[in-house]
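The values are calculated or read from the model by the stated rules, or taken from the named source; none is laboratory data. These figures come from a predicted structure and were not determined experimentally. Reconstructed Cβ throughout: ideal geometry from the backbone, glycine too, with neighbour counts over all protein chains shown.
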Amino acid sequence: MIKPWIVSTEQLSWNYDEWLEAYEDGITRTYESSVIEAADELCLLQSQDLDRLLRQSGTTTKEYLQSYKDAIEEGLAVLPINHAGQALCWLGY
């Protein structure tokens, strides 16, 4: 069973602009698009930004790391652990 927070096969190859477009709401900036904007051109968040995102969403880095590790052990395809899109998917966005 695929976990709902795992990114799709298509999303594995998305670039920064595609992630940003997926979370934009027309001309309105969304919370999710602001997370993507905080990332670098590879869509990677700095550790402190990832930690802040997880805390603001009511979870811990430890929970995220354990789920990520479990996904890898199950052989599921995941993006880098600090990828903004991966974190947003895990959080249900």
note = Counting only residues in segment 44-93 that are in contact with a helix residue (DSSP H, G or I) (Cβ under 9 Å, 6 or more places away or on another chain) and acidic (Asp, Glu), the one farthest from Ala22 (Cα to Cα) is identified as Glu63
remark   = Inside segment 32-48, the number of residues satisfying the requirement of being farther than 20 Å from Ser13 by Cβ and touching a residue at least 12 places away in the same chain (Cβ under 8 Å) is 4
ask   = In segment 39-72, which residues are in a helix (DSSP H, G or I), modelled with pLDDT of 95 or more and among the acidic types (Asp, Glu)?
value = Asp49, Asp51
key: Residues satisfying the stated conditions in segment 14-37, i.e. among the hydrophobic types (A, V, I, L, M, F, W, C), surrounded by 12 or more Cβ atoms within 10 Å (Cβ to Cβ) and either assigned to a helix (DSSP H, G or I) or at pLDDT below 90 (or both)   = Trp19, Leu20, Ala22, Val35, Ile36
task = Could you please give the count of residues in segment 1-13 that are of a type outside the set (Asp, Glu) and at pLDDT 90 or above?
result = 3
request  = Working only within segment 73-93, note down all residues that are assigned to a helix (DSSP H, G or I) and surrounded by fewer than 18 Cβ atoms within 10 Å (Cβ to Cβ).
outcome  = Glu73
note = Only unsatisfied item for Lys62, checking (1) surrounded by 12 or more Cβ atoms within 10 Å (Cβ to Cβ); (2) free of Cβ contacts under 8 Å to residues at least 24 places away in the same chain, is (1)
inquiry  = On the basis of being over 14 Å from the mean Cα position of the chain (by Cα) and over 23 Å from Ser13 (Cβ atoms), does Gly58 make the cut?
reply    = yes
query = For segment 9-21, which residues satisfy the criterion of being free of Cβ contacts under 8 Å to residues at least 24 places away in the same chain and over 12 Å from the mean Cα position of the chain (by Cα)?
reply = Glu10, Ser13, Asp17, Glu18, Glu21
